[in-house]
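Scroll down for the structure; my scribbles are underneath it.
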Amino acid sequence: MKKIAFIGGGTMGTALASAACRGNDPQDVVVTDIVREKAQKLAADLGCAAVDTNSQAVEAAKYVVFCVKPQFLDSVLREVKDTFAACAARGEKKVIVSIVAGIEAAHYVEMLELEGKPVSVIRTLPNTACLIGKGFILIEQGDTFTDEEEAEFRELLKEAGGFDSLPASMFTAGCVLTSTSPAFIAMFANSLADAGVYNGLLRPQARKLALQGILCATQLFLSSDRHLEAYKDDVCSPAGPAMIGVKSLEDSGFRSSVINAVVDAYKRFAEMKNVK
Ligand SMILES: NC(=O)c1ccc[n+]([C@@H]2O[C@H](COP(=O)([O-])OP(=O)(O)OC[C@H]3O[C@@H](n4cnc5c(N)ncnc54)[C@H](OP(=O)(O)O)[C@@H]3O)[C@@H](O)[C@H]2O)c1
C-alpha cells in the first residue's frame, strides 16, 4: 500500500506531490488526474506512481488528498464513493485530506456516506510555495482525525514547509491570509518592479531588487514580535523619500485597499461550499 495519493495534478496537486516525494520514498506516492497524460508526466518527473482513475488512487493509499477545484469535488466524491465503501467494509482505514477551499470535513463524510465508518478527515489549506518547500499548511483543529494521524500527515508533507493548526472558528481567517497573499504580493512586487523600470532599471534588475526588498524585510519582520509599523518608522526619516512614498500610498488608500481585499476574500471563502 502507498502512503499518500493525490487526486488532481494541477497547481496544488503538483506542489504537494513534489513535497511528498522529496520527504518520502517516491514509491510511496501516487498521483492521478482527469487528464491521464498529465498524471503520467508528473509521476515521471517525480519518480512516483501514476494511476488511471481516482478510484485506483483511493485503493492505493492510506492518505487521500483531494486536489480538485471546489466545483469538481462532488463529482469526484460520487465517483470514488463505492471504493471508499469497499475499503471501509474491509476495515481499511482511510484518511481523507481536504485542501479544497471552503469545504468542511463533514461534507466528505456526508457525500461518501461514511458516517460511523473507519475514516478520518483532515481539513487543511496549503499554499503554492509548498512546491519549493517554503509553503505553509494550515490544519483545522477538530475531532475528525487523531493526533497520530495529524503527526503522520505532517511527517508525510514535512518537505512542503511549515505547519500550524487553528480552531475551526479561526480557520478561514487564517486560510485567507496564507493562501491569498501570494496573489497580492505578486501584484505588489510587480508594481515595485514597474516603478523601478520607470526610474531607469532594466526589468530583470527591477524584478530581482523588488523581490529582494520584500524578502529582506520579511525575514527581518519574522525575527521578532515588534509591531510591523515600527519597521516602517525605522525607514522613514524626516521629509525623507520613504515618508513621502508612505504619504503617496495613503493618498491612494493603500491600507484600506489591502484590508478590503482580505475582507472580500474572506466572504468568498464562506461562499465556496455552495460553488457547485
Ligand atoms: N491554487 C492555490 O493557491 C490553492 C491554495 C490552497 C488550496 N487550493 C485548493 O486546491 C484545489 C486545487 O486547486 P488548483 O489550483 O491546484 O487547481 P488546478 O490547477 O485546476 O488543479 C486541479 C487538477 O484537477 C484536475 N481535475 C479536474 N477534474 C478532475 C477529476 N474529475 N478527477 C481528477 N482530476 C481532475 C484538473 O484537470 P483539468 O485542468 O484538465 O481540469 C487539474 O489538473 C482547489 O480546491 C483549491 O481550493 C488552491
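Structure notes:
- Screening the candidates MET187, MET243 for the property of being outside the structural domain of ARG123 (by TED's automatic domain parsing), over 30 Å from ILE137 (Cβ atoms) and aliphatic (A, V, I, L, M) yields one hit, MET243.
- When residues of region 7-35 are limited to those that are open to solvent by 20 Å² or more (accessible area, probe 1.4 Å) and within 10 Å of the ligand (Cβ to nearest atom), the one nearest to VAL121 (Cα to Cα): MET12
- Number of positions in region 111-123 that are in contact (Cβ under 8 Å) with a residue 12 or more places away in the chain, surrounded by fewer than 18 Cβ atoms within 10 Å (Cβ to Cβ) and in a loop (DSSP other than H, G, I, E, B): 3
- Test: residue in region 124-140 that is without any contact (Cβ under 8 Å) to a residue 12 or more places away in the chain and open to solvent by 70 Å² or more (accessible area, probe 1.4 Å): yes
- From the options VAL76, VAL95, VAL68, VAL64, residue that is part of a strand (DSSP E or B), in the same structural domain as GLY13 (by TED's automatic domain parsing) and closer than 13 Å to GLY8 by Cα: VAL64
- Of residues in region 53-110 being of a type in the set (Gly, Ala, Ser), within 11 Å of the ligand (Cβ to nearest atom) and surrounded by 15 or more Cβ atoms within 10 Å (Cβ to Cβ), the one farthest from ASP28 (Cα to Cα): GLY102
- Condition met for LEU157 (modelled with pLDDT of 95 or more and over 22 Å from the mean Cα position of the chain (by Cα)): no
- Of all the criteria given as (1) on the phi > 0 side of the Ramachandran plot; (2) assigned to a helix (DSSP H, G or I), the one not satisfied by ALA239 is (2).
- Qualifying residue in region 228-237 (condition: within 19 Å of GLY174 (Cα to Cα) and either of a type in the set (Asp, Glu) or assigned by TED's automatic domain parsing to the domain that holds ALA195 (or both)): yes
- As for region 185-199, it holds no residue that is within 27 Å of CYS87 (Cα to Cα) and either within 15 Å of the ligand (Cβ to nearest atom) or open to solvent by less than 60 Å² (accessible area, probe 1.4 Å) (or both).
- For first residues located in region 48-76 and in contact (Cβ under 8 Å) with a residue 60 or more places away in the chain and among the charged types (D, E, K, R), partners that are more than 8 Å from the ligand (Cβ to nearest atom) and not in a loop (DSSP other than H, G, I, E, B) and lie 6+ apart or on another chain with Cβ distances below 7 Å form the pairs LYS62/LYS3; LYS62/LYS94; LYS62/VAL95; ASP74/MET111.
- Applying the condition of being part of a helix (DSSP H, G or I) and open to solvent by less than 50 Å² (accessible area, probe 1.4 Å) to region 142-172 and asking which residue is farthest from the ligand (Cβ to nearest atom) yields GLU149.
The values are calculated or read from the model by the stated rules, or taken from the named source; none is laboratory data. Everything quoted here is computed from the prediction, not taken from an experiment. Because the Cβ atoms are built from the backbone with ideal geometry, glycine has one as well, and the counts that use them run over all protein chains shown. For accessibility, only protein heavy atoms count, side chains too; no ligands or nucleic acids. Shrake-Rupley method; radii C 1.70, N 1.55, O 1.52, S 1.80 Å.
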